[in-house]
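A short worksheet on the structure shown next.
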Amino acid sequence: MPDTISFKIKRQDTPEGGPYWEEFVIPYQKNSNVISCLMDIQKNPVNAKGREVAPVVWESNCLEEVCGTCTMRVNGQVRQACSALIDRLEQPIIVEPMSKFPVVRDLIVDRTRMFDALKKLQAWVPVDGYYDLGPGERISPNHQQTAYKLSECMTCGCCVEACPQYAKDGDFLGPAAVSQARLFNMHPTGKNIADERIDVLTQKGGIASCGNAQNCVEVCPKGIPLTESIAEMGRQVSQHFWKTLFRAT
Amino acid sequence: MSKQRVIMIGGGLAGLAATMKIAEQGTPVLLVSFLPVKRSHSVCAQGGINGAVNIKGEGDSPDIHFYDTVKGGDFLGNQPLCKDMCYHAPFIIYLLDRLGVPFNRTVEGNLDFRRFGGTLHHRTAFSGATTGQQLLYALDEQVRKYEVEGLVEKQEWHEYLGAVLNDEGHCVGAVIQNLRTGEIRSERGDAVVLATGGPGVVYGRSTNSVVCTGTATMSAYLQGAKYGNGEFIQIHPSAIPGRDKLRLMSESARGEGGRVWVPRQAGDSRPARQIPENERFYFLEERYPLFGNLVPRDVGAREIYDICVNEGLGVHGDLKVYLDLTHLTREFLDRRLGGILEIYEKFTGVDPREEPMEIFPAVHYSMGGIWTDFERTAEGFINHLSPRNQMTSIPGLYAAGEADYQYHGANRLGANSLLSCIYTGLMMGPGVVNHLRNLPESAEDLPQSVFDQATRQWQERVSGIRKMAGNENPYALHAELANEMISNVLIVRENSKLISTLEAIEAIEQRWHNVSCVDTKDWTNPVPSFINQLWNMIQLSKVITKGALLRDEFRGAHYKPEFDLNQPSDFKPENYLEYEDMKANGGVKTGYFAPDHLSYMERFEANNKQWLKSTIATYQSNGSDSYYSSGGPEITYEPVDASLIAARPRKYD
């Protein structure tokens, strides 16, 4: 068992400032993960050169891989930092912010674009109101299992970070958003606005932006069948295309 | 009147439910949150949400749910609220179903329900084992729709610092800080709702998320809001040990058949699976034949403590027991508990489908919170139109969800928290809108000076913090505070230790003045914010500890062995109702009750007379002008509305 844990962290003071690397060496403790180590650094913010520095800044919340906040690149791999267990990582552990989003500071990035995609796709079930209208429709257990899997998406950003088509300044909505469109298009009431979602996926940044690299599904921490979702939405988009074509003629 | 709006602080289940209900009525909402609301702590809720839909034909009803809730809370909940909540629960589950929550289904396609603690009915609707996440997402989606429509404006990456009060002490807005730019500003709002969740981080490691410091509720307390039942902190029986967090292992694991046991032989070093059935002690099943592994959380946590500490039977000699699911099939487990089993496997490296889990109790939930009001009807329900509902003692300032105090009494039942959060959010909506209608003037019409002054006050405080250059690291000081709390204000409470803890907290409070603001940058600097939060956590520690010290009884999660009334093992709670009846009608017949029963009932009656009351903490400043001065809580008590179900001894065996 090593006595210490060493880190190489990519830092950046402001969105405009250039990135720089800083190394930290902290005492080894059992059952550590990347976040618990960042917390240790906070309690004693001294870098490997022995100089007192500002503690590393990051975002996290649930620490159990269900809120999607602490996505980072750890040893080159995009993932939730809370479940990045130290004992399974090669050292020095290299920690970087995601590369597909603007850096706010150190390991914090701005993922607003992912939430904007959900707005564009109307990723919600349209209802008449929040008063008593009785139960919803009956749903088969198999349908529920499919929907549940898709509904676990935390908007964490792993899939878009790994996607070669998702450029920092591009317009691709990304695998997570496409999969959400599938989720709502399969809901008994959500599908009432299915065509609106399909229209968005037909436009620039929609389904045609996918290059079928299949990286998304590899890195999804929730194991969501993203490529399956993209294929399904591709089918819906082409069906819609033919439907409207014949309607027009 | 100028355009009015509501400021919602917090985007968990309570905040989002209130936001969508208020927006539905056409009232604009400014929604303020530390993080994008989709990342709120509600995602951590796992097992499900209660509602007596009676899908299994067991004769369940809202009345039985109401009784279980009140009994589970050891009669300290305000009963009209509990009743109204339980009666609305089936509707709430149906609403969530309509909003797209992928609840598990029966073979016929109906909502499926499972067992949970403190009840004998299948009453808990669930979405795998990530029900909180699924509920939060459904509400987040509805609020996003209103955001697109322009009725909701979100200010994420912002922190609530305090309420803006007018000359009459009414809340007319909120001071908030942009956590990226550091800018502090005051927003006008005709009502401000604190839906800011619980304070588990006061204990350092808990099942709570990083943002759950309770800081917003303490800010309200420091501004004069009453705080209720602070000492009632729920310890969940089952969590996964961890360095940074004690990850929850849902009660649903037991609801689906999980069994808790320890080796009968102390220090048994064999691997769990090699210990034969007859050498396993299923202590909950043996001690509570009726409820078994599904006793309420206060009982479960105490029994685990007893078996490990007093009996010395903890797994490997630690404060740990086995939670065993290995007798259930993988397919069944994955379908109904997948999310939590993945968490266990990911963080421990052990597959809980193959090996019994090792779990232990952890700080989980605060039954206490900011004092809030309600208006009941003659039938014991709530008048949903009343602006008093969920209003704190500061007019115009509201609280909802875990941040309030009055639904769960001395102990919350599992799967009632998702219910109470969504119920309060929806229920309070019409009343908040009525509050706006009744106001003589809109916040928009008030002079700018009121808001500038509040902004300036907070700018001065925060700039003071930024200049702090002592030799204490605030994060390390927090760890010390947490250690005090976790060592002495947990499952078993002793007055001598509580007295020394109060002293220790005060010493930490003194040292707070000597912290160093270890990051001096202007941009996205979380340190000044944390130092203020630490101050608030110190204040809350005092509220919890002093409340615990003064409450000399054993009720729900507040266990003082010294004041245990020692219920005779053969006692039946209905005897107490008979006893009360006799007393009211000419007196107790001599020799009717066994002497030890009679004496127990007399003790119980006297204890309730003194203690069946809500604890109210009110901040008393020490006279100094400084905001960060060492004032403290003054503790008083007020009556509980226990008019619907007569208080009686609890029993689960």
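Here are some notes:
- Close pairs from the stretch B:638-653: first farther than 21 Å from B:LEU565 by Cβ, partner in a loop (DSSP other than H, G, I, E, B), Cβ under 8 Å, at least 6 apart: B:ASP641/B:ASN78; B:SER643/B:GLY380; B:LEU644/B:GLY380
- Wholly within the stretch B:464-558, helices (runs of 4 or more DSSP H) carrying at least 2 residues that are modelled with pLDDT of 95 or more, closer than 24 Å to B:HIS408 by Cα and not small (Gly, Ala, Ser): B:474-488, B:526-550
- Residue under evaluation A:ARG197, criteria (1) touching a Phe, Trp or Tyr at 6+ places or on another chain (Cβ under 7 Å); (2) closer than 30 Å to A:CYS82 by Cα; (3) outside any loop (DSSP other than H, G, I, E, B), criterion not met: (2)
- For the stretch B:586-616, filtering for residues that are closer than 25 Å to B:GLU638 by Cα, touching a residue at least 12 places away in the same chain (Cβ under 8 Å) and of a type in the set (A, V, I, L, M, F, W, C) leaves 5.
- Condition check for A:ASN31: within 14 Å of chain B (Cβ to nearest Cβ) and modelled with pLDDT under 95: yes
- If the condition is being of a type in the set (D, E, K, R) and either within 30 Å of B:ASP74 (Cα to Cα) or in contact with a strand residue (DSSP E or B) (Cβ under 7 Å, 6 or more places away or on another chain) (or both), then the stretch B:106-133 contributes B:ASP112, B:ARG114, B:ARG115, B:ARG123.
- Counted residues, the stretch B:1-53 - those being in contact with a strand residue (DSSP E or B) (Cβ under 9 Å, 6 or more places away or on another chain), over 22 Å from B:ASN389 (Cβ atoms) and in contact (Cβ under 8 Å) with a residue 40 or more places away in the chain: 12
- Selection count, the stretch B:122-139, where residues are touching a Ser or Thr at 6+ places or on another chain (Cβ under 9 Å) and either of a type in the set (Lys, Arg) or more than 9 Å from chain A (Cβ to nearest Cβ) (or both): 8
- Given (1) touching a residue at least 60 places away in the same chain (Cβ under 8 Å); (2) β-branched (Val, Ile, Thr); (3) within 30 Å of B:GLY632 (Cβ to Cβ), index of the condition B:VAL210 fails: (1)
- Among the conditions (1) under 17 Å from B:GLU251 (Cα atoms); (2) over 22 Å from the mean Cα position of the chain (by Cα), the only one that B:ALA301 does not satisfy is (2).
- Residues that are of a type outside the set (Ser, Thr, Tyr), part of a helix (DSSP H, G or I), closer than 22 Å to B:GLY401 by Cβ and modelled with pLDDT of 95 or more occur in the stretch B:97-120; there is at least one.
- Residue in the stretch B:26-33 that is within 10 Å of another protein chain (Cβ to nearest Cβ), crowded, with 24+ Cβ neighbours inside 10 Å and hydrophobic (A, V, I, L, M, F, W, C) present: no
- Matching residues, the stretch A:66-85, being at the interface with another protein chain (Cβ under 7 Å from one of its Cβ atoms) and either in a loop (DSSP other than H, G, I, E, B) or more than 30 Å from B:GLN134 (Cβ to Cβ) (or both): A:VAL66, A:CYS67, A:GLY68, A:THR69
- Residues of the stretch B:207-244 that turn out to be out of contact with any strand residue (DSSP E or B) (no Cβ under 8 Å at 6 or more places or on another chain) and modelled with pLDDT under 95, as a count: 1
- For the stretch B:105-114, the set of residues classified as touching a residue at least 40 places away in the same chain (Cβ under 8 Å), surrounded by fewer than 22 Cβ atoms within 10 Å (Cβ to Cβ) and either facing another protein chain (nearest Cβ under 7 Å) or more than 26 Å from the chain's Cα centre (by Cα) (or both) consists of B:THR106, B:ASN110, listed by residue number.
- The stretch A:95-167 holds helices (runs of 4 or more DSSP H) entirely within its bounds, and those carrying 1 or more residues that are at the interface with chain B (Cβ under 7 Å from one of its Cβ atoms) map to A:112-120, A:141-151.
- Near pairs, Cβ below 6 angstrom, 6+ apart or cross-chain, from the stretch B:392-406 (at pLDDT below 95) to any residue that is hydrophobic (A, V, I, L, M, F, W, C): B:GLN406/B:LEU81
The values are calculated or read from the model by the stated rules, or taken from the named source; none is laboratory data. Quick caveat: nothing in here was measured; it's all calculated off a predicted structure. Don't worry about glycine lacking a Cβ; one is built from the backbone with ideal geometry, like all the others, and counts go over all protein chains shown.
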